[in-house]
1. If a residue must be farther than 14 Å from Trp207 by Cα and among the charged types (D, E, K, R), how many such residues does the stretch 230-245 contain?
2. Identify, please: which residue in the stretch 64-92 is in a helix (DSSP H, G or I) and among the small types (Gly, Ala, Ser) and is, among those, nearest to Glu48 (Cα to Cα)?
3. Determine which member of the set Ala26, Ala61 is within 24 Å of Gln138 (Cβ to Cβ), free of Cβ contacts under 8 Å to residues at least 60 places away in the same chain and either in a helix (DSSP H, G or I) or open to solvent by less than 50 Å² (accessible area, probe 1.4 Å) (or both).
4. Hey, Ala261 hits all of (1) open to solvent by less than 50 Å² (accessible area, probe 1.4 Å); (2) touching a helix residue (DSSP H, G or I) at 6+ places or on another chain (Cβ under 7 Å); (3) closer than 20 Å to Ala210 by Cβ but one; which does it fall short on?
5. Considering only residues that are within 19 Å of Ala23 (Cβ to Cβ) and in contact (Cβ under 8 Å) with a residue 60 or more places away in the chain, look in the stretch 47-58 and name the one that is most open to solvent (accessible area, probe 1.4 Å).
6. Quick one: in the stretch 199-223, which of the residues that are on the phi < 0 side of the Ramachandran plot and not in a helix (DSSP H, G or I) is least open to solvent (accessible area, probe 1.4 Å)?
7. Considering each of Val5, Val37 in turn, give the residue that is out of contact with any strand residue (DSSP E or B) (no Cβ under 8 Å at 6 or more places or on another chain), of a type outside the set (D, E, K, R) and modelled with pLDDT of 90 or more.
8. Determine which member of the set Gln138, Gln119, Gln52, Gln42 is under 20 Å from the mean Cα position of the chain (by Cα) and of a type in the set (S, T, N, Q).
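The values are calculated or read from the model by the stated rules, or taken from the named source; none is laboratory data. Computed from a predicted structure; not experimentally measured. Methodologically, a virtual Cβ is constructed for each residue, glycine included, from the backbone with ideal geometry; neighbour enumeration extends over all protein chains shown. SASA here: full protein model, heavy atoms, side chains in, ligands and nucleic acids out. Shrake-Rupley method; radii C 1.70, N 1.55, O 1.52, S 1.80 Å.
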Amino acid sequence: MLVSVPQRLLDILDLPEADSSLAEAALLVAQAGRPSVDVPGQLDALAELADQVSTRVSAEAPTLDRLAALNHFLFDELGFGPDADNYYDPRNSFLDEVIARRRGIPITLSIVYIHVGRQIGLDLSGIAFPGHFLVRCQVEDGVVVIDPYHHGESLSVEEIRQRLEAATGQAVPEDAVTDALDRASAREIVVRMLRNLKAIHFQKRDWMAALPVTDWLAQVAPDTPEELRDRGLVYEELECFRPALADFESYLRVLPESADAGKIRDRTVDLRKAVARLN
């Protein structure tokens with residue numbers, strides 16, 4: 001029942017961040033549970049947006065002028081913005097829907113921003129900031145931190161520090177802010193998108209929609225055994241007892257002393273009985 005990750009996505013995850021196609025990776029994620037998504041067609045739609053912005057400002061213009069032009073194009077002209085009223089609608093995590101509806105969440109709006117902005121020569125990349133994905137733009141004397149979810153707002157060091165404190169619940173000295181602004185790899189971004197979708201499907205108890213997402217997470221985040229546990233939970237809910245048992249046993253082999261190990265062992269006892277009844 002494994003839903004294999006396409007080789008193309010695996011190739012993207014292995015590329016250096018600057019060379020990776022984040023938009024294509026995000027579209028492949030959207031296609032995971034919705035096979036009708038036309039990845040090449042959606043990439044063409046993004047290419048058209050990139051062509052349009054390149055006619056509005058020269059790639060040789062000062063960086064801040066290009067950022068201003070990009071913000072005006074995406075947010076004022078095209079109307080991209082947050083879907084605050086329906087934040088947990090799965091469509092906000094599917095890049096094709098974000099392109100069509102021009103509504104999204106921080107990570108998908110950031111991917112549009114990065115993809116289009118790179119067309120005018122901006123050195124843009126994602127920041128896996130806790131709780132709220134952000135974008136960084138490299139400039140000659142440092143970094144500009146941008147929030148595409150809030151109309152391309154540029155954040156000061158103090159604003160970033162305050163957001164970190166709100167997200168972590170801990171005091172953050174100003175000189176520690178830089179550590180939170182590293183470039184996110186393509187793998188980090190894809191894993192974060194998949195985990196967003198997993199959380200939505202789990203909350204709705206939509207186990208059929210959760211299965212391909214948890215399958216992909218188990219493959220693209222192999223160093224995180226919790227993803228095996230969560231896929232096992234989905235299999236169990238779908239009454240696929242053998243793969244559920246296999247995932248729980250694999251999880252316990254890696255993390256035999258985890259906080260939930262006792263509960264998972266109890267589940268394996270019940271699952272072994274269920275599997276025996278199938279024989």
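1. The total comes to 1.
2. Ala69
3. After applying the criteria, what remains is Ala61.
4. (3)
5. Of the stretch 47-58, the ones within 19 Å of Ala23 (Cβ to Cβ) are 47-54.
If we keep only those that are in contact (Cβ under 8 Å) with a residue 60 or more places away in the chain too, we end up with 49-51, 53-54.
Working: Leu49: 18, Ala50: 5, Asp51: 84, Val53: 0, Ser54: 49 Å².
In this case the residue turns out to be Asp51.
6. Of everything passing the filter in the stretch 199-223, Ala221 is least open to solvent (accessible area, probe 1.4 Å).
7. Numbers: Val5 fails: modelled with pLDDT of 90 or more.
Of the residues listed, the single one that is out of contact with any strand residue (DSSP E or B) (no Cβ under 8 Å at 6 or more places or on another chain), of a type outside the set (D, E, K, R) and modelled with pLDDT of 90 or more is Val37.
8. Numbers: Gln138 fails: under 20 Å from the mean Cα position of the chain (by Cα); Gln119 fails: under 20 Å from the mean Cα position of the chain (by Cα); Gln52 fails: under 20 Å from the mean Cα position of the chain (by Cα).
When all the criteria are applied, what remains is Gln42.
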